[in-house]
Amino acid sequence: MTKAKTQYSCNECGGLSPKWVGKCPDCGAWNTLSEIALVKSASPWQGYAGSRSGALISLPDISTTVCERFSTGLPELDQVLGGGVVAGSVILIGGDPGIGKSTLLLQALAHVSSLSQALYVTGEESLQQVSLRAKRLKVGNAPLGLLAETQVETIIQVANQAKPQIMVIDSVQTIFTQALQSAPGSVSQVRESAAHLVRFAKQSGISLYLVGHVNKEGAIAGPRVLEHMVDTVLYFEGEKDSRFRMVRAIKNRFGAVNELGIFAMTDTGLRGVSNPSAIFLSRNRFPAPGTIVMVTWEGSRPLLIEIQALVDDSHGIPRRVTVGYDHNRLALLLAVLNRHASITLHQMDVFLNVVGGVKITETGADLAILMAVLSSYKNKIIDNTTVFFGEIGLGGELRPVPGGQERVLEAAKHGFKRIIVPKANAPRTKQEEITVIAVNSLNEAINAVLI
Ligand code: TYD
Ligand code: MG
């Protein structure tokens with residue numbers, strides 16, 4: 001009997017190696033290789049872009065009508081996608097279990113099915129479960145095609161006959177291809193099945209949504225190459241106990257990245273939140289030391305968010321604890337505060353919370369973070385009609401950030417009276433409703449509000 005041939009595949013990137021090694025030769029991750037049976041790949045890795053001929057075409061001759069978009073019926077989702085779904089595009093959507101991936105896609109598909117063909121392939125739930133959810137979402141009568149199937153060849157065969165405009169695979173981890181013997185959910189199965197589906201979508205012009213599980217670290221489980229294969233990667237974010245959900249585009253070949261769509265989970269599914277700033281500001285805010293409001297920039301729009309800091313005497317090693325913010329960036333800002341404003345918090349614990357489960361990753365939050373910290377440290381209230389934004393450099397200078405004008409307008413729209421901004425972001429024209437205080441450095445900002 002001949003011994004079955006095996007090789008080793010990396011769980012992170014899907015890279016292959018003939019022998020087991022501790023470090024993946026492709027992505028450098030440690031201890032991620034696992035043994036797989038060697039099967040000749042049924043689908044050579046080519047043709048994603050849907051072009052099959054080897055003919056040379058000059059750029060102006062390419063017709064771009066294929067880039068027409070259609071709506072999902074959820075304006076927030078359309079915005080994240082860059083203005084609707086592009087025909088033939090492939091979208092990977094990841095998020096924690098129970099966050100609302102299936103709900104969102106069922107709602108979108110029900111809308112599309114009223115105008116053209118839509119197909120929902122469920123590999124996780126039974127048809128009854130999907131139907132119950134549809135009834136709950138009040139779309140029980142939508143002419144939506146359902147298929148409970150996990151074998152990729154059958155799915156493609158059915159889709160080929162049904163010719164839907166849009167198709168959802170829920171989820172890609174449950175799908176398998178006959179060509180491989182490994183279990184569904186394994187790296188090679190996910191990669192091969194997804195490759196099959198992506199190629200099919202590109203060739204047939206069907207828009208394809210792939211639902212992906214996330215691993216412990218919050219990244220989409222399965223091979224990293226999955227993110228390279230698709231056009232758009234969306235992540236569902238949100239705190240477990242909050243009813244707000246955020247959908248963020250982290251890769252988009254057809255729109256801006258970091259675009260954020262905000263939804264509220266209700267009894268009848270997800271509803272887009274049209275005025276997100278209003279929900280992140282608590283209704284009856286009372287001024288307290290350490291609580292301030294900032295204007296952040298999410299994708300292509302401004303968003304008002306409340307930040308709370310608490311600075312307290314430390315009993316032991318000083319702690320820097322953050323929720324919704326990078327604690328290394330906080331440490332950096334505290335160092336700038338020490339060097340350039342001579343305010344030392346070495347003996348203090350610093351706690352920081354971004355209200356509403358939002359994660360802030362932009363440097364435009366720097367000024368607001370330090371102002372919240374200082375307000376708590378000095379036990380001085382910053383009045384609740386003042387807002388901030390601006391990046392702080394290592395020299396203690398205030399640097400401009402994108403979207404200055406829009407941020408000022410957003411603050412004025414929500415009734416704020418005063419805004420502290422970097423000088424280079426100050427609007428050229430005089431603002432009627434809001435006083436703009438343009439500052440050059442951290443010290444100028446401190447003098448403007450905390451002295
Ligand atoms: P689901 O969409 O199944 O999440 P995923 O596919 O990401 O695992 O999860 C939906 C969750 O939201 C579930 O906990 C129940 C809740 N829910 C509502 O609150 N309202 C609704 O109308 C629906 C359909 C679900
Ligand atoms: Mg689901």
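When the residues of the range 381-394 are filtered to those that are assigned to a loop (DSSP other than H, G, I, E, B) and at pLDDT 95 or above, the one that is farthest from residue 429 (Cα to Cα) is 394. Among all positions in the range 228-239, there is at least one residue which is more than 24 Å from residue 112 (Cβ to Cβ), surrounded by fewer than 23 Cβ atoms within 10 Å (Cβ to Cβ) and away from ligand 1 (no atom under 16 Å from the Cβ). Output yes when any residue across the range 204-218 is assigned to a strand (DSSP E or B), at pLDDT below 90, crowded, with 19+ Cβ neighbours inside 10 Å and in contact with a Leu (Cβ under 9 Å, 6 or more places away or on another chain), and no when none is. No: zero hits.
Restricting attention to the range 321-341, which residues are aliphatic (A, V, I, L, M) and open to solvent by 70 Å² or more (accessible area, probe 1.4 Å)? Full working, then the answer.
Start the filter on the range 321-341 by keeping residues that are aliphatic (A, V, I, L, M), which leaves 321, 323, 330-337, 341.
323, the sole residue that qualifies.
Can you list the strands (runs of 3 or more DSSP E) lying wholly within the range 1-116 that have 3 or more residues being at pLDDT below 90 and surrounded by fewer than 17 Cβ atoms within 10 Å (Cβ to Cβ)?
On the way: elements: 6-10, 33-37, 90-94.
Once the strands (runs of 3 or more DSSP E) in the range 1-116 are filtered for at least 3 residues that are at pLDDT below 90 and surrounded by fewer than 17 Cβ atoms within 10 Å (Cβ to Cβ), what remains is 33-37.
Of the residues that sit in the range 258-273 and are outside any loop (DSSP other than H, G, I, E, B) and more than 13 Å from ligand 1 (Cβ to nearest atom), which one is farthest from the chain's Cα centre (by Cα)?
Within the range 258-273, the subset outside any loop (DSSP other than H, G, I, E, B) is 260-266, 269-272.
Still in the running and more than 13 Å from ligand 1 (Cβ to nearest atom): 260-262, 272.
Values: 260: 7, 261: 9, 262: 11, 272: 16 Å.
Top of the filtered list is 272.
Evaluating residue 121 against the criteria (1) within 16 Å of ligand 1 (Cβ to nearest atom); (2) open to solvent by 40 Å² or more (accessible area, probe 1.4 Å); (3) among the hydrophobic types (A, V, I, L, M, F, W, C) leaves one unmet condition, (2).
If you check residue 321 against the conditions, is it in contact with a Lys or Arg (Cβ under 6 Å, 6 or more places away or on another chain), assigned by TED's automatic domain parsing to the domain that holds residue 443 and over 16 Å from residue 388 (Cβ atoms)? If you could, list the steps in order and put the result at the bottom.
Working: in contact with a Lys or Arg (Cβ under 6 Å, 6 or more places away or on another chain): no; assigned by TED's automatic domain parsing to the domain that holds residue 443: yes; over 16 Å from residue 388 (Cβ atoms): yes.
When the stated conditions are applied, residue 321 does not pass them.
Residues that are open to solvent by 50 Å² or more (accessible area, probe 1.4 Å) and within 30 Å of residue 316 (Cα to Cα) do not occur anywhere in the range 406-420.
Name the one entry in 88, 98 that is within 16 Å of ligand 2 (Cβ to nearest atom), farther than 15 Å from residue 234 by Cα and not assigned by TED's automatic domain parsing to the domain that holds residue 301.
Going through 88, 98 in turn, the sole match is 98.
Counting only residues that are more than 16 Å from ligand 2 (Cβ to nearest atom) and out of contact with any Ser or Thr (no Cβ under 9 Å at 6 or more places or on another chain), the range 157-177 holds 4 of them.
Screening the candidates 265, 294 for the property of being in contact (Cβ under 8 Å) with a residue 12 or more places away in the chain and within 16 Å of ligand 2 (Cβ to nearest atom) yields one hit, 265. Being over 23 Å from residue 350 (Cβ atoms), more than 16 Å from ligand 1 (Cβ to nearest atom) and assigned to a loop (DSSP other than H, G, I, E, B) is a property that holds for residue 255.
Cβ-Cβ contacts under 7 Å between residues 6 or more apart (or on different chains), taken from a first residue in the range 103-124 that is within 14 Å of residue 146 (Cα to Cα) to a second residue that is among the aromatic types (Phe, Trp, Tyr) and within 15 Å of ligand 2 (Cβ to nearest atom), are listed as 105/209; 106/120; 109/120.
Based on this model, can you work out whether residue 68 counts as within 26 Å of residue 229 (Cβ to Cβ) and within 13 Å of ligand 2 (Cβ to nearest atom)? It would help to see each step written out before you state the result.
Details: within 26 Å of residue 229 (Cβ to Cβ): yes; within 13 Å of ligand 2 (Cβ to nearest atom): no.
No: the conditions fail for residue 68.
Of all residue pairs spaced 6 or more apart or on separate chains, those with beta-carbon atoms under 7 Å, a first member in the range 167-185 that is away from ligand 1 (no atom under 16 Å from the Cβ) and modelled with pLDDT under 90 and a second member that is hydrophobic (A, V, I, L, M, F, W, C) and open to solvent by 30 Å² or more (accessible area, probe 1.4 Å) are 179/39; 179/42; 180/39; 181/37; 181/39; 182/37; 184/176. Of everything listed in (1) open to solvent by less than 30 Å² (accessible area, probe 1.4 Å); (2) under 30 Å from residue 178 (Cα atoms); (3) out of contact with any Pro (no Cβ under 9 Å at 6 or more places or on another chain); (4) not acidic (Asp, Glu), the single unmet condition for residue 194 is (3).
Being open to solvent by less than 90 Å² (accessible area, probe 1.4 Å) and either within 11 Å of ligand 2 (Cβ to nearest atom) or not assigned by TED's automatic domain parsing to the domain that holds residue 155 (or both) is the filter here; which residues of the range 125-139 pass it? Hits for the range 125-139 are 125, 130, 133.
Given the options 259, 217, name the one that is in the same structural domain as residue 75 (by TED's automatic domain parsing), in contact (Cβ under 8 Å) with a residue 60 or more places away in the chain and acidic (Asp, Glu).
Working: 217 fails: in contact (Cβ under 8 Å) with a residue 60 or more places away in the chain.
None of the others qualify; the one that does is 259.
The values are calculated or read from the model by the stated rules, or taken from the named source; none is laboratory data. Just so it is clear, the model here is predicted, and its values are computed rather than measured. We place every Cβ from the backbone using ideal geometry, glycine too, and count neighbours over all the protein chains shown. Please note that ligands, DNA and RNA were not included when accessible areas were found on the heavy atoms of the full protein model with its side chains. Shrake-Rupley method; radii C 1.70, N 1.55, O 1.52, S 1.80 Å.
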